[in-house]
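Just below is one structure, and these are the notes that go with it.
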Amino acid sequence: MPLFDVFRSQKRPDPEQQVRISDPALALVERFDALVDALPVGVIVVGEDGRVTVFNPAACEIFGVPRERALGRALIESVRSFELDRRLSNALRQGVEQTAELTYNAGVEHKLEVTTRPLRGGEAPREAVAVVHDITRVRELEAIRRDFVSNVSHELRTPLTSVKIMIETLQGGVHRKAQAQFLADIARETDRMIALVQDLLGLAKLESAAPLSPFEHVDLSEVLREVVATQALRAKQLKIDLALATPDEPVLIDGDRARLVQVFVNLLDNALRVVPAGGHIGLSVNREPDHAVVTVFDDGPGIPSSALAHIFERFYVVDRSRARAATGTGLGLAIVKHIVESHGGTVTAESELGAGTTFRCRFRALESIAPTRAI
Amino acid sequence: MGRENFHRILDETQQDTLRLGSLVEEATAKAVDALMRSDVKLAEEIIEADDIVDDLCVRVETNCLNLLALQQPMASDLRTIAAMLDIIIDLERIGDHACDIAQITKNLASEPQLKPFIDIPRMAAAAREMLRESLDAFAQHDAGIAHNVPAKDDEVDRLYRAVFKELIEFMAKDPRAINRGSNLILVALYLERIADHATNICERVVYMVEGVPKNLKRSVVEINQAIAHAESMQARSHGESAAS
């Protein structure tokens, strides 16, 4: 029986194994146990009979198995992975040391990096250890980064190619009238790229968790009026009906005005990209007993329910072919969500394919400062 | 064979059954994944890996028969061995169905997807959950877990009927979709069968733990009555045909 188990048996006295050991040795065992328990990686030790002797809390977390269920039994009884079992068996019986990835699924899929090796035994009974790192998040982030880089390159390549072609054409010499058109196009494409870079900077700010400016009283009605005014011409050019409804009194919340403007600009911008000519976008500000609610409704194509759960995720783009000017790093809604939640609010989306989409931003309202009744 | 040896082999045989369970769980997951992504290479890996499933089944069966023949096991050990003999059959069939799905992935590789997969992944998720829970129940000798599984079979059956109907409509509208549509109906059928096998495993686990016979829905008394009734109906119809 491995030495530590003998020592441990002293903690729960076993009449058959009365070995007298010194206090320092017991303290050493307890310290070792505490150390292994504290490790952020899973540690599993199996003895020669294949039974688990060590199964630390990190392993419990990774495999979703309570410690009592794992200890004293064969590993396959609690962690049902043929591959892990095989590797530990190799380590135990053939002394094979191996580090390799492993996928484990008990409801949720985990990607794990697992090192299996024999514990140095020499004369002592054989044991093998598995050290398990949960790299699920790392792999997810790698995939997100790959997608993002691929997204950004694509988004930049398109306008840059257009601009290059137009410049080459201009260099070849064209009519003055045509010149004006080309230059206007170059300007438009450049604006597109600037917008993209601004999205990227927005992302950088999100990730650095920069604190918002100090909060002040902000009238949401006024903010919406400003946002709608800046987009009115664009809506008109696109032949989209843009309407805003606000109550007579100010609707006040504590907030960072510039960030709030960004929220509604992003929501309105998204709507303007997908609503077809002849469509409608409606914005409204409403006062509920304790909350201020801003609603942005459009009767565009709507969002499929499978996508709806993901639209606030960074880099998530529903479908490139839907958007009018298909720029989109998938950050707009992530930024909206981040800012709204920094204000202690919530943002939700409802949508029906073919009917339209409604975004609702709910904030804690301040008591109105302006009198609500004539004196 | 000493008593200690008997229990060692019994434990190892149960562990082998769980290894087998792990393999077919993984085969099912990979088969559906390969189908979703049209991954022919993964599909081929699944088909090749089926050999070890069959080998493990043989090992478990051999050990079970040895244990029965060489030592007269007591009540609960006897039920455990009997349960395992049945369970490995269900697991082996699940492994086969996973291979069938993998084969379909290969067959359909050259064709574009009919429409986004929605119900088939749902069926797969439900079937996998049922399989996982049935194996958890076996691993922990826990009839409570086993009792919860059969109810989920209704959802799988419902999804199967929905997939069937939808694909038939697709094929009726467009004959070019017939090859793909009919193969996907088979996939749905295999997933429905996997869910059924998971339910069977649960029934065996309940039997193993509680000593209750196969059918979870009726008691021994009811079953004996039903058999007696069926036999008397048979006797009556024979009597009538003899008289006329």
>> Based on this model, can you work out whether A:PHE148 counts as touching a helix residue (DSSP H, G or I) at 6+ places or on another chain (Cβ under 8 Å), of a type outside the set (S, T, N, Q) and either farther than 19 Å from A:GLN198 by Cβ or assigned to a helix (DSSP H, G or I) (or both)?
In response: no
>> For the range A:50-70: of the residues being free of Cβ contacts under 8 Å to residues at least 12 places away in the same chain and of a type in the set (D, E, K, R), which is surrounded by the most Cβ atoms within 10 Å (Cβ to Cβ)?
In response: A:ARG69
> Given the residues B:GLU44, B:GLU61, B:GLU48, which is the only one that is buried (at least 16 other Cβ atoms within 10 Å of the Cβ) and part of a helix (DSSP H, G or I)?
Replying inline: B:GLU61
>> Would you confirm, using the coordinates I've provided, whether A:VAL79 is within 20 Å of A:LEU119 (Cβ to Cβ) and within 14 Å of chain B (Cβ to nearest Cβ)?
In response: yes
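For every residue, the table says whether it meets (1) at pLDDT 95 or above; (2) under 26 Å from B:LEU56 (Cβ atoms); (3) within 10 Å of another protein chain (Cβ to nearest Cβ); (4) not in a helix (DSSP H, G or I).
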{"position": "A:VAL43", "(1), (2), (3), (4)": "yes, no, no, yes"}
{"position": "A:ASP49", "(1), (2), (3), (4)": "no, yes, yes, yes"}
{"position": "A:VAL52", "(1), (2), (3), (4)": "yes, yes, no, yes"}
{"position": "A:CYS60", "(1), (2), (3), (4)": "yes, no, no, no"}
{"position": "A:LEU84", "(1), (2), (3), (4)": "yes, yes, yes, no"}
{"position": "A:LEU92", "(1), (2), (3), (4)": "no, yes, no, no"}
>> Condition check: within 14 Å of chain B (Cβ to nearest Cβ) and within 29 Å of B:ILE52 (Cβ to Cβ). Does A:ALA106 satisfy that?
In response: yes
>> Looking at the range A:55-72 only, could you name the residues that are more than 15 Å from A:VAL45 (Cα to Cα) and of a type in the set (Gly, Ala, Ser)?
In response: A:GLY64
> Among (1) surrounded by 14 or more Cβ atoms within 10 Å (Cβ to Cβ); (2) under 19 Å from the mean Cα position of the chain (by Cα); (3) at pLDDT below 80; (4) not aromatic (Phe, Trp, Tyr), where does A:ILE311 come up short?
Replying inline: (3)
>> Restricting to the range B:8-32, name every residue that is more than 10 Å from chain A (Cβ to nearest Cβ) and without any contact (Cβ under 8 Å) to a residue 60 or more places away in the chain.
In response: B:ILE9
> Can you name the condition, by its number, that A:ALA27 falls short on among (1) surrounded by fewer than 19 Cβ atoms within 10 Å (Cβ to Cβ); (2) small (Gly, Ala, Ser); (3) in contact (Cβ under 8 Å) with a residue 40 or more places away in the chain; (4) more than 14 Å from chain B (Cβ to nearest Cβ)?
Replying inline: (3)
> If B:GLY95 passes every condition in (1) over 24 Å from B:GLY181 (Cβ atoms); (2) surrounded by fewer than 21 Cβ atoms within 10 Å (Cβ to Cβ); (3) within 14 Å of chain A (Cβ to nearest Cβ); (4) of a type in the set (Gly, Ala, Ser) but one, which one does it miss?
Replying inline: (2)
> So which of B:ILE81, B:ILE120, B:ILE88 ends up being out of contact with any Gly (no Cβ under 9 Å at 6 or more places or on another chain) and closer than 30 Å to A:PRO304 by Cβ?
Replying inline: B:ILE120
> Being out of contact with any Asp or Glu (no Cβ under 8 Å at 6 or more places or on another chain), more than 13 Å from chain A (Cβ to nearest Cβ) and within 17 Å of B:ILE89 (Cβ to Cβ), is that true of even one residue in the range B:41-60?
Replying inline: yes
>> Could you check the range A:155-174 and list, in sequence order, the residues that are more than 33 Å from the chain's Cα centre (by Cα) and at pLDDT below 85?
In response: A:VAL174
> Counting only residues that are at pLDDT 85 or above and within 30 Å of the chain's Cα centre (by Cα), how many does the range A:198-227 have?
Replying inline: 6
> Do we have B:MET123 as under 25 Å from B:GLU45 (Cα atoms), crowded, with 17+ Cβ neighbours inside 10 Å and touching a residue at least 40 places away in the same chain (Cβ under 8 Å) here?
Replying inline: yes
>> If a residue must be in a helix (DSSP H, G or I) and among the hydrophobic types (A, V, I, L, M, F, W, C), how many such residues does the range B:106-124 contain?
In response: 4
> Which numbered condition trips up A:VAL228, out of (1) without any contact (Cβ under 8 Å) to a residue 40 or more places away in the chain; (2) within 25 Å of A:ASN286 (Cα to Cα); (3) touching a strand residue (DSSP E or B) at 6+ places or on another chain (Cβ under 6 Å); (4) among the β-branched types (Val, Ile, Thr)?
Replying inline: (1)
> Picking from B:ALA146, B:ALA162, B:ALA127, B:ALA102, which residue would you name as being within 14 Å of chain A (Cβ to nearest Cβ), touching a helix residue (DSSP H, G or I) at 6+ places or on another chain (Cβ under 7 Å) and either at pLDDT 95 or above or assigned to a helix (DSSP H, G or I) (or both)?
Replying inline: B:ALA127
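Rundown of residues vs (1) at pLDDT 95 or above; (2) within 14 Å of B:ALA98 (Cα to Cα); (3) surrounded by fewer than 16 Cβ atoms within 10 Å (Cβ to Cβ), yes/no style:
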{"position": "B:ARG3", "(1), (2), (3)": "no, no, yes"}
{"position": "B:PHE6", "(1), (2), (3)": "no, no, no"}
{"position": "B:ILE9", "(1), (2), (3)": "no, no, no"}
{"position": "B:ARG19", "(1), (2), (3)": "yes, no, no"}
{"position": "B:SER22", "(1), (2), (3)": "yes, yes, no"}
{"position": "B:ALA27", "(1), (2), (3)": "yes, yes, no"}
{"position": "B:LEU35", "(1), (2), (3)": "no, yes, no"}
> Which of (1) at pLDDT 95 or above; (2) closer than 20 Å to B:LYS30 by Cα; (3) more than 14 Å from chain B (Cβ to nearest Cβ) is the odd one out, the single condition A:VAL132 does not satisfy?
Replying inline: (2)
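The values are calculated or read from the model by the stated rules, or taken from the named source; none is laboratory data. Just so it is clear, the structure is predicted and the values come from calculations on it, not from any experiment. Cβ: placed from backbone, ideal geometry, glycine included. Neighbour counts: every protein chain shown.
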